[in-house]
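This report concerns only the one structure given below.
The values are calculated or read from the model by the stated rules, or taken from the named source; none is laboratory data. Model, not experiment: these values are computed from the prediction. No Cβ is skipped: glycine too gets one built from the backbone with ideal geometry, and neighbour counts run over all protein chains shown.
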Amino acid sequence: MNLLKRAIRDPLFLAGAVMFVIGSGPLLVSIIATELRLTDDPNPNPVGLGILAMLTFWPSLIMMAFALLRTSRSGASDATEHGHEDD
């Protein structure tokens, strides 16, 4: 099983992914809606959404990176215990 499939099962990775989507998603939706002219205001000011994205972006990426690192290290130790070096 490859690294990403194992990492997706890690609760820390899932928490980071959920935080990323909930934190950055609303700002991206606002930007896309403005570009597609789905809003009445041609120049919206989504300050709150920007602050939410700013506060959740890096922590979510750090959580997912740590989970990937932890998964890769546990996978490497499992592979050496079972006699497999290629994972």
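Do we have Arg6 as assigned to a helix (DSSP H, G or I) and modelled with pLDDT under 90 here?
yes
For region 31-75, which residues satisfy the criterion of being more than 23 Å from the chain's Cα centre (by Cα) and part of a helix (DSSP H, G or I)?
Thr34, Glu35
Where the second residue is modelled with pLDDT of 90 or more and among the polar types (S, T, N, Q) and the first is closer than 23 Å to Phe20 by Cβ and surrounded by 12 or more Cβ atoms within 10 Å (Cβ to Cβ) and lies in region 38-50, which pairs have Cβ atoms under 6 Å and are six or more apart or on separate chains?
Pro44/Thr34; Pro46/Ser30; Leu49/Ser30
Okay, residues lined up against (1) of a type in the set (A, V, I, L, M, F, W, C); (2) over 30 Å from Ser74 (Cβ atoms):
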| site | (1), (2) |
| --- | --- |
| Lys5 | no, no |
| Val21 | yes, no |
| Asp41 | no, yes |
| Ile51 | yes, yes |
